[in-house]
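Everything below concerns the one structure shown next.
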Amino acid sequence: MILIDSHAHIDDRRYSDDIESVIDRARLAGLSHILAVGVDIQTSEKCVRLAERFPMVYAAAGVHPHDAGKAPANYLVELEQLSHHEKVVAIGEIGLDYHYNFSDPGVQIQRFREQLDLGEAVQLPVIIHNRESDSDLIPNITESRCRSGVLHSFNGSLSFAQQAVELNFHLGFSGMVTFLKSPLTDVVKWVPPEKYLVETDSPYLAPVPHRGKRNEPAFVSFVALRLSEIRHIPQQQSATEATRNTLQLFSKISP
């Protein structure tokens, strides 16, 4: 069974002492690739360095909504430069977050739209973060020309999922689907087999049976297992579908 962790923050300092072991455990768990995702220029550059260091690691470069207000004036130029690296496969993590409002909502929307346009310009998919911003997220995607990407660590309603898929976006499922009171069962049952990915969002959202611990890419198998249970398909099938979808969406990844 081959799996891809389509979203991990393995640049996080919590891996600074054992990143080699984290990568080794992922490989032993059957992972073929890990997508390391940046949240600002510094972390995006760090993800690229990890991709250069480890053959199974690829990178995404973007500015997270939390960091939208701190983005340097030339951030789009820097992201575009990073986007041309052979192992940068997406623009992300971008999006909107109205839960914490670490950045002004207006600034978040501006940075979101700029990066949606960048993804379209450099012909890379986008990786979108969404928290309590449904009312603005879909309209801004709709108004842009970007039609390739994933709503990562999806935690929205069925109707919101349907709107996203209608715009040709994928849904990324994380350890939240394994939680006892997860509201995602209806979404997981409904999502078309060509429109979902699996991820860890490491070091966050560790799946059951590791909930409460530091997450890592090797644990993505528990997400695939839970998807197979909800969808009443073999685990091998959920892994195969998610891996196929990831390789098709992030087409710069070498199989």
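The values are calculated or read from the model by the stated rules, or taken from the named source; none is laboratory data. What you are looking at is a predicted structure, and each value in this text was computed from that prediction instead of being measured. All Cβ positions, even for glycine, are placed from backbone atoms using ideal geometry, and neighbour counts span all protein chains on display.
Residue by residue through segment 14-69, note down the ones that are of a type in the set (Ser, Thr, Tyr), over 18 Å from the mean Cα position of the chain (by Cα) and part of a helix (DSSP H, G or I). Explain how you work it out, then say what you get.
Applying the first criterion (of a type in the set (Ser, Thr, Tyr)) to segment 14-69 yields 15-16, 21, 32, 43-44, 58.
After this cut, where a residue has to be over 18 Å from the mean Cα position of the chain (by Cα) as well, the list is 15-16, 21.
Across segment 14-69, the qualifying residues are Tyr15, Ser21.
Taking the conditions exactly as written (surrounded by fewer than 22 Cβ atoms within 10 Å (Cβ to Cβ), over 20 Å from Ser103 (Cα atoms), among the small types (Gly, Ala, Ser) and in contact (Cβ under 8 Å) with a residue 60 or more places away in the chain), does Ser21 satisfy them or not? Full working, then the answer.
Details: surrounded by fewer than 22 Cβ atoms within 10 Å (Cβ to Cβ): yes; over 20 Å from Ser103 (Cα atoms): yes; among the small types (Gly, Ala, Ser): yes; in contact (Cβ under 8 Å) with a residue 60 or more places away in the chain: no.
So Ser21 does not fit the description; no.
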Those residues of segment 164-191 which are in contact with a helix residue (DSSP H, G or I) (Cβ under 7 Å, 6 or more places away or on another chain), surrounded by fewer than 18 Cβ atoms within 10 Å (Cβ to Cβ) and either part of a strand (DSSP E or B) or touching a residue at least 24 places away in the same chain (Cβ under 8 Å) (or both), in sequence order: Leu167, Thr185, Asp186, Lys189, Trp190
Determine if segment 93-101 includes at least one residue that is at pLDDT 95 or above and in a helix (DSSP H, G or I). no
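I'm checking my understanding of the structure. Among residues of segment 111-130 that are part of a helix (DSSP H, G or I) and of a type in the set (A, V, I, L, M, F, W, C), which one is surrounded by the most Cβ atoms within 10 Å (Cβ to Cβ)?
Taking segment 111-130 and keeping what is part of a helix (DSSP H, G or I), we get 111-122.
With the extra rule that they be of a type in the set (A, V, I, L, M, F, W, C), the set shrinks to 112, 116, 118, 121-122.
Working: Phe112: 27, Leu116: 23, Leu118: 21, Ala121: 14, Val122: 14.
Across segment 111-130, the extreme among qualifying residues is Phe112.
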Under 8 Å between Cβ atoms, which residue pairs at least 6 apart in sequence (or on different chains) link something in segment 226-251 that is within 20 Å of Ala36 (Cβ to Cβ) with a partner that is among the hydroxyl-bearing types (Ser, Thr, Tyr) and in a helix (DSSP H, G or I)? none
Criterion first (more than 26 Å from Ile19 (Cα to Cα), in contact with a helix residue (DSSP H, G or I) (Cβ under 9 Å, 6 or more places away or on another chain), basic (Lys, Arg) and at pLDDT 95 or above) does Arg226 satisfy it? yes
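Restricting the search to segment 154-163, which residues are surrounded by fewer than 24 Cβ atoms within 10 Å (Cβ to Cβ) and not aliphatic (A, V, I, L, M)? Reasoning before the result, please.
Applying the first criterion (surrounded by fewer than 24 Cβ atoms within 10 Å (Cβ to Cβ)) to segment 154-163 yields 155-163.
Correct list: Asn155, Gly156, Ser157, Ser159, Phe160, Gln162, Gln163.
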